[in-house]
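Right, one structure below, let's go through it.
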Amino acid sequence: MRISLPGSRGGHAPIVSRRQAFIALGIVFLAVIVLAAPFAIGIFSRPAPGLGFPPESNLDLAQYVNPFIGTVAAPENAHLSSGFNSGNIFPGASYPHGMVQWSPDTTTAPGGYRYNQNTIHGFSLTHFSGRGCSAYQDVPFMPTLGYSHTSPAGTASASTTFSHSNESASPGYYSVRLDQSNIQVALTTTPRTGFGMFTYPPNKRATMLINTGGSAMHNADNGTGVQIIGTNQVVGSAASGNFCGGGNTYTVYFAAMFSQPFTAFGTWHNSKVSAQLRQSSGSHSGAYVRFDTTSQQVVQVKVGISFVSIQNAEMNLAHENPGWNFNAVRQQARAAWNARLNTIQVYNGSLKNKQIFYTALYHTLFHPNIFSDVNGDYIGFDQQIHKASGYVQYENFPGWDMHRSLIGLQAFLYPQETGDMLQSLVMDAEQGGGGLPRWEVANDNSGGMLGDSIDIVIATAYALGVRNFDTQAALMAMDHGASHPGTLSGRHIVREGLQQYLTLGYVPTGIPASASMTLEYASDDFAIAQFAKALGQNGLYNVYLKRSQNWRNLYNPATGYIEPRNADGTFIKVFDPTSGAGFAEGDSAQYTWMVPQDLPGLFKAMGGPVTAIERMDYHFNKLNDGPTSAYAFMGNEPEFRAPWLYDFAGAPYRTQDLVRRIETQVFNNTPGGLGGNDDGGAMSSWYIFAALGIFPEIPGVGGFALDSPLFPLTRVHLNGGHELLITGGPHASDSTPYVQSLSLNNQAYTNSWLPFHLVQNGATLQFTLGSHPNMSWGSSINVTYP
């Protein structure tokens with residue numbers, strides 16, 4: 001802060017007296033500065049006194065993370081189908097955006113783990129968090145005693161029960177004691193390697209099974225196999241895929257090194273087990289190695305993986321974990337998680353809310369995943385080996401799920417890393433047919449869900465400040481996939497029904513989920529328009545902005561709903577807003593609100609904001625009622641943005657109340673603490689933004705719709721050393737959601753929309769909250785698009 005003294009005025013006092021007076025005044029002024037400096041600086045960097053702002057700059061926030069949240073369906077989700085009622089989270093050891101997720105498998109169902117199951121079948125190296133389809137779970141390791149030479153292929157011969165009282169998990173670490181064998185398992189990770197410490201009882205037949213044919217979605221004969229090398233190394237690969245039935249394929253390679261020499265070994269193929277045979281291949285193949293633990297009970301194993309080759313897996317292992325210090329690697333993993341978690345520091349608030357918050361932030365940092373090796377090698381969509389030069393290649397982009405809030409959070413908090421992710425998508429387009437992948441798994445487009453959501457991913461990230469990627473190539477890929485029917489990304493068409501969409505202005509019935517698809521494409525087109533405008537491509541901007549209004553072609557004024565429409569222009573004869581016909585994982589009662597690019601237009605079509613508010617009030621009587629209901633389904637992505645619609649209808653106090661109800665009723669700190677699939681961190685990212693009091697409501701636009709902060713004090717560390725300070729004040733709590741007033745950098749702020757540029761370089765948002773609504777604050781929203 002720079003303080004300027006006012007210029008002195010002339011007078012008739014003697015020079016000596018004037019000098020003495022000036023010195024005295026200066027002493028007093030300096031004293032005032034010294035005494036007032038903490039408060040003056042606090043205007044910009046911390047809240048008013050009394051809110052308990054601690055001095056620590058790096059906190060142990062990993063202590064609040066509960067990796068078991070979201071690992072089972074909550075009782076209140078019993079009315080939802082099995083595909084929607086669980087978070088599908090894995091609890092095992094991982095690294096921020098790491099290639100390895102070494103976690104226990106109790107099932108091959110999505111996530112690989114259910115808290116209500118007590119049998120572990122193996123500890124596999126790869127997982128996807130929160131998806132509604134089974135995936136990965138490649139190369140499970142399983143410690144056992146006295147292996148009987150019964151092939152594990154297609155059996156559970158080495159499975160064992162366990163107790164949660166003997167299980168623990170924290171960021172970068174997982175441990176459990178297996179019941180029958182009394183083996184203690186401890187796992188940790190680096191970005192591309194796993195490190196296991198297995199403590200066996202004294203025994204001459206301590207055994208490790210390595211099941212290369214054990215992937216969740218089964219394995220291909222070609223590309224799956226194992227080889228035992230020397231006295232302490234096992235290498236191999238697993239070929240799998242078909243994620244969500246999309247036909248995608250991948251091959252993951254591994255190289256494992258053990259701290260003790262083998263006393264015996266063998267392999268299996270199908271049902272045949274061959275002692276002393278060093279090699280096996282095929283979809284039902286694997287290896288066993290044995291140790292004498294009578295004097296040294298601890299057997300450590302380090303495993304590097306790669307999607308390129310065994311040699312690269314070995315290179316990753318040698319580079320990231322050359323030693324044998326398990327505790328040091330565990331501490332490094334925890335430090336890496338703490339560095340990420342400290343991006344947002346919340347103070348005060350309840351322990352429960354801190355646990356939910358930091359677990360959610362933890363969940364948002366699983367995916368996308370590092371895909372290039374330490375030398376930059378990665379396998380492209382064209383099945384060729386490429387080198388990521390000057391950036392890191394990433395995989396696993398859940399486009400339909402991540403575009404609503406997850407990408408906004410990643411761009412907001414980690415713009416440099418997010419730029420690498422966007423560059424990865426650009427390379428996928430160049431290598432995979434010219435279009436962007438809809439739902440990427442490894443080096444292929446699974447084609448999961450619908451829409452062209454990566455358009456919003458890229459445009460939103462750019463609008464929130466991400467610049468370190470090839471923007472022109474990105475726009476070219478977006479335009480190609482959105483305007484050229486038949487454009488491919490891998491083996492899948494980028495936009496199904498595109499020719500009809502371009503001709504009719506909507507996707508007609510006969511194409512699955514046609515109404516949902518039309519709404520997705522209209523939002524995608526709006527994002528392309530914003531991105532094109534930002535890059536100076538006004539022609540493209542005008543084309544796509546016009547197309548973003550295609551939602552109107554499915555709005556039936558006779559019913560007030562978005563309805564599926566036939567190719568001849570007629571709406572379907574029998575329409576039920578709760579039937580789900582024409583929609584994906586939802587119905588018209590829920591999808592009708594999904595017009596974030598033109599909320600004023602939607603409200604006007606409904607008869608005005610008053611009517612829209614009445615309809616929303618009814619809709620949100622239930623918060624998580626499933627995909628075929630007149631009520632909300634906040635456990636799934638299509639309605640993620642819906643709670644902030646009240647802001648745009650002139651009733652932000654209703655948004656504040658609704659968001660707080662969702663925060664406190666749909667989320668909790670138990671294993672059943674998520675209202676639906678986390679989908680790669682998508683649902684968790686919703687909670688983070690909601691708890692901060694801001695949400696990236698409009699696709700491709702840099703700004704946030706406001707609710708109210710959950711915590712009395714939150715410090716958000718932004719790019720370039722900037723800091724966003726959000727204070728909820730001493731009254732912030734579960735029961736005080738209503739904004740009474742808000743100041744931005746000590747100036748009154750009455751707009752329920754916050755442009756990104758106002759906080760990009762740091763700011764202080766100081767809320768005053770209460771238990772009763774202030775119906776006038778923020779009632780006149782002002783949104784301007786750049």
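Laid out as a table, the results:
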read-out	value
Members of segment 712-723 found to be closer than 15 Å to Thr764 by Cβ and either open to solvent by less than 10 Å² (accessible area, probe 1.4 Å) or outside any strand (DSSP E or B) (or both), listed by number	Pro712, Leu713, Thr714, Val716, Leu718, His722
Pair list, Cβ < 6 Å and 6+ apart or interchain, from segment 638-658 residues that are assigned to a loop (DSSP other than H, G, I, E, B) to residues that are among the β-branched types (Val, Ile, Thr)	Ala649/Ile613; Ala651/Ile613
Flag for Gln766 being closer than 22 Å to Leu464 by Cα, in contact (Cβ under 8 Å) with a residue 12 or more places away in the chain, assigned to a strand (DSSP E or B) and open to solvent by 40 Å² or more (accessible area, probe 1.4 Å)	yes
Within segment 283-320, considering residues that are in a loop (DSSP other than H, G, I, E, B) and surrounded by 19 or more Cβ atoms within 10 Å (Cβ to Cβ), the one farthest from the chain's Cα centre (by Cα)	Thr293
Failed condition for Phe633, given (1) open to solvent by 10 Å² or more (accessible area, probe 1.4 Å); (2) among the aromatic types (Phe, Trp, Tyr); (3) in contact with an Asp or Glu (Cβ under 9 Å, 6 or more places away or on another chain)	(1)
Qualifying positions in segment 380-439 - part of a helix (DSSP H, G or I), small (Gly, Ala, Ser) and in contact with a Leu (Cβ under 9 Å, 6 or more places away or on another chain)	Gly399, Gly408, Ala411, Ala429, Gly432
Selection status of Ala459, over 25 Å from Leu361 (Cα atoms) and assigned to a helix (DSSP H, G or I)	no
Neighbours by Cβ (under 8 Å, 6+ apart or cross-chain): first from segment 164-182, at positive phi and open to solvent by 50 Å² or more (accessible area, probe 1.4 Å); second at pLDDT below 95 and of a type in the set (Asp, Glu)	none
Number of the exception - Val273 against (1) in a strand (DSSP E or B); (2) more than 25 Å from Ile370 (Cα to Cα); (3) among the β-branched types (Val, Ile, Thr); (4) at pLDDT 95 or above	(4)
Meets criteria (within 18 Å of Leu692 (Cβ to Cβ), open to solvent by 40 Å² or more (accessible area, probe 1.4 Å) and touching a helix residue (DSSP H, G or I) at 6+ places or on another chain (Cβ under 8 Å)) for Asn746	no
Residues of segment 465-493 classified as polar (S, T, N, Q) and open to solvent by 20 Å² or more (accessible area, probe 1.4 Å), total	4
Counted residues, segment 464-512 - those being part of a loop (DSSP other than H, G, I, E, B) and closer than 25 Å to Tyr391 by Cβ	10
Leading residue by the ranking (surrounded by the most Cβ atoms within 10 Å (Cβ to Cβ)) among those in segment 647-673 that are more than 14 Å from Val739 (Cα to Cα) and among the aromatic types (Phe, Trp, Tyr)	Phe667
Scan of segment 497-543 for residues that are under 28 Å from the mean Cα position of the chain (by Cα) and more than 28 Å from Pro577 (Cβ to Cβ), ordered by number	Ile528, Ala529, Gln530, Phe531, Ala532, Lys533, Ala534, Leu535
So Gly586, is it touching a residue at least 40 places away in the same chain (Cβ under 8 Å), within 18 Å of Ala632 (Cα to Cα) and touching an Asp or Glu at 6+ places or on another chain (Cβ under 8 Å)	yes
Residue match in segment 125-135 (condition: assigned to a strand (DSSP E or B), among the aliphatic types (A, V, I, L, M), out of contact with any His (no Cβ under 9 Å at 6 or more places or on another chain) and open to solvent by less than 30 Å² (accessible area, probe 1.4 Å))	no
Answer from Gly676, Gly680, Gly693 - the residue that is farther than 16 Å from Trp777 by Cβ, out of contact with any Lys or Arg (no Cβ under 9 Å at 6 or more places or on another chain) and open to solvent by less than 10 Å² (accessible area, probe 1.4 Å)	Gly676
Residue list for segment 743-762, restricted to those being among the aromatic types (Phe, Trp, Tyr) and touching a residue at least 40 places away in the same chain (Cβ under 8 Å)	Trp753, Phe756
Hits in segment 186-232 - residues which are within 26 Å of the chain's Cα centre (by Cα), surrounded by fewer than 24 Cβ atoms within 10 Å (Cβ to Cβ) and small (Gly, Ala, Ser)	Ala186
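Yes/no matrix, rows are residues, columns are (1) part of a helix (DSSP H, G or I); (2) among the acidic types (Asp, Glu); (3) surrounded by 16 or more Cβ atoms within 10 Å (Cβ to Cβ):
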position	(1), (2), (3)
Tyr521	yes, no, yes
Lys533	yes, no, yes
Trp551	yes, no, yes
Gly569	no, no, no
Asp576	no, yes, no
Gly582	no, no, yes
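The values are calculated or read from the model by the stated rules, or taken from the named source; none is laboratory data. Because the structure is a prediction, the values reported are computed rather than measured. As a convention, Cβ positions derive from the backbone with ideal geometry for all residues, glycine included, and neighbour counts pool all protein chains shown. When the accessible area is computed, the model is the full protein with side chains, heavy atoms only, and any ligands, DNA or RNA have been set aside. Shrake-Rupley method; radii C 1.70, N 1.55, O 1.52, S 1.80 Å.
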